[in-house]
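The values are calculated or read from the model by the stated rules, or taken from the named source; none is laboratory data. Remember, predicted model here, so these are calculated numbers, not experimental data. For neighbour counting, all protein chains shown are included, and Cβ atoms are generated from backbone atoms with ideal geometry for every residue, glycine included.
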Amino acid sequence: MGQKESDYRALGRWRDETFLDDLEKDVRIRPDKVAVITRRIGTGETHKITYAELSRFADRCAAAIGALGLQRGDTLAVHLDNRWEIAPLALGCLRAGVRICPLVPVYRHRELSTMLGLTEASALITMSEIGGDDLTSMITELLAELPTLKHVAVAGDRRPAGTLDFDEYFFGTPWEHTHPVQTAPLEPDDPYLVLFTSGTTGEPKGVLHSQNTLYAGVLAEIDVFGLDDSLVVLTTSSYTHYVGFVQGMLLPIHLGGTAVFQDTGEGHAVVDLVAEHDVTFLYSAPAFLRGVLDAQSERPRDTAALRVLVSGSAPILPQFVDEVRKAFGVRLHSLFGMTENGPVTISRLEDPDDWAARSDGHPTPGTEVRIEELPEQPDGGGVLWVRGPTQCLGYDRREDVYAASVDADGWFTTGDIARPDGRGGIRIAGRARDMILRQSFVVPVSDLEALTAELPKVREATVVGYPDGLGDEVICAIVTCYDAPVTLDELQEHLRTAGMTKTYWPTRLEIRDELPKTAMGKVRKTELRAELMAG
């Protein structure tokens, strides 16, 4: 164990217990408390399971995994929408000693083939239909082309030949009575969770976490927000993504709280769930937060139980701060993190009220950040490096790729451009790979996007750059509008009034019905850039 790792234990950021120990405590103290509440919008069905039931189903899943022949260290991939079964599967993998690889529902053949191949997954749980897409042919193709994929369990009415019925196999069969688990549970430092990055460019990388690197992320939010077993948490993220899996599910299990989730992030459905189940903690990326705020404004609900609202993964628009306060009566907190290192910075209660729109917050306890200044960046800005207890173990079977992102002292380069916020925290200015250079100046993309989005006609905005063929770059704003379209003249006048340097102004404006996004709501800038260059 390295010096930093021993320090993390000494600081209490890592521990010798596991999330199974948390579950055992929950069952002992609060067996009849509701642990998980899920809603399926299509059927209107709400499902609730207590801690006693969660533990029992986790045992069954562990035994079912063992009955498939998976050995310690093997990988089970889970390609499901948000449903209650994800929680016992996650805990069942821990008991069976296998790794779990959640895959967001939007992935299709190209992504799944790559990711299942990289992890050498032994088994896959998926659905016969997702979002109106029939996946049965894809499942047959994956089985044929991936030699390490031995078993596929399918949820839904149509199952290809050679696949298992997911519900019947994992939950309808009492495996725990006939196939006791033969392997030891995963230890706190064993590789456990494989999450693929949802970046807008580059080949997918399977980020590998232990229970301890995840626990440090859980503990960070507990410390910052003073959370306890009264926690009722809802996120608009997929529960096969870091935010949903860790903050939405492992966090409440650790505390003995309640996880609430559903198979849509649509605004009205989210606010309905917040009101109906007295949600106390809501995490919503800006792309989903817009819809949540609009829904509460259109039809206000009683959300008095809500105490914490956090947003991250994209810049927070200044108007969101006031809108959140008006709609829900709470302050908005900003969070910066990555799949590789969970929550890195969070804004605090002692910060100014509008700080979420001006800063991405202070480092979480135990986390260190440093900015490698770039000469062309103003105000001490540069490339952000991170080191701390939430940092992943590496990239699954891609040690060389991970090693290229970490220096000799364990600092990980995020690839983000950041600057000091003046209060000991940071402000993300943009991605290094999305950097726009105009007349040798680095364009402050995040600020430009925020200013563009302030225009009353603009609903959403993003900014990309591409070569103009003359050694410089064109700055293009791509927006969606509420009703009447905004014009380039209006945008430039707004930027002039705001005092933004003319060098940074967009010289091209595109209006779209919607912006292409990843599963986490991040704009696919690479896709937009390619379209603009081709046009």
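Points worth noting:
- Near pairs, Cβ below 8 angstrom, 6+ apart or cross-chain, from region 483-505 (in contact (Cβ under 8 Å) with a residue 12 or more places away in the chain and loosely packed, with under 14 Cβ neighbours inside 10 Å) to any residue that is assigned to a helix (DSSP H, G or I) and not charged (D, E, K, R): 498/451
- Here is the figure for region 40-80: residues that are among the hydrophobic types (A, V, I, L, M, F, W, C), surrounded by fewer than 17 Cβ atoms within 10 Å (Cβ to Cβ) and either within 25 Å of the chain's Cα centre (by Cα) or not assigned by TED's automatic domain parsing to the domain that holds residue 91 (or both) total 1.
- Contact map, region 205-234: first residue under 13 Å from residue 365 (Cβ atoms), second residue of a type in the set (D, E, K, R) and in a helix (DSSP H, G or I), Cβ cut-off under 6 Å, separation 6 or more or different chains; the map is empty.
- Within the option set 200, 183, 114, being under 30 Å from residue 366 (Cβ atoms) and either under 20 Å from the mean Cα position of the chain (by Cα) or at pLDDT below 95 (or both) holds for one residue only, 200.
- Residue within region 326-334 that is in contact with an Asp or Glu (Cβ under 7 Å, 6 or more places away or on another chain) and among the small types (Gly, Ala, Ser) present: yes
- Looking only at region 460-511, and only at residues there that are among the aromatic types (Phe, Trp, Tyr) and within 16 Å of residue 436 (Cβ to Cβ), the one that is modelled with the lowest pLDDT: 504
- Residues within region 238-274 that are in contact with a helix residue (DSSP H, G or I) (Cβ under 9 Å, 6 or more places away or on another chain), assigned to a helix (DSSP H, G or I) and under 23 Å from residue 323 (Cβ atoms), tallied: 8
- Given (1) surrounded by fewer than 16 Cβ atoms within 10 Å (Cβ to Cβ); (2) farther than 28 Å from residue 222 by Cα, number of the condition residue 422 does not satisfy: (2)
- Selection status of residue 308, over 24 Å from residue 81 (Cβ atoms), surrounded by fewer than 22 Cβ atoms within 10 Å (Cβ to Cβ) and of a type outside the set (S, T, N, Q): yes
- Only residues that are in contact with a Pro (Cβ under 8 Å, 6 or more places away or on another chain) and part of a strand (DSSP E or B) were counted across region 441-475, and they come to 4.
- When residues of region 245-278 are limited to those that are touching a strand residue (DSSP E or B) at 6+ places or on another chain (Cβ under 8 Å) and modelled with pLDDT under 95, the one farthest from residue 307 (Cα to Cα): 263
- From the list 298, 340, the lone residue that is buried (at least 22 other Cβ atoms within 10 Å of the Cβ) and among the acidic types (Asp, Glu) is 340.
- Selection of region 355-372 for residues being touching a Pro at 6+ places or on another chain (Cβ under 6 Å), under 14 Å from residue 341 (Cβ atoms) and either among the hydrophobic types (A, V, I, L, M, F, W, C) or not in a loop (DSSP other than H, G, I, E, B) (or both) yields only 369.
- Any hit, region 120-131, residues being farther than 26 Å from residue 60 by Cα and free of Cβ contacts under 8 Å to residues at least 60 places away in the same chain: yes
- Any hit, region 205-222, residues being among the acidic types (Asp, Glu) and surrounded by fewer than 21 Cβ atoms within 10 Å (Cβ to Cβ): no
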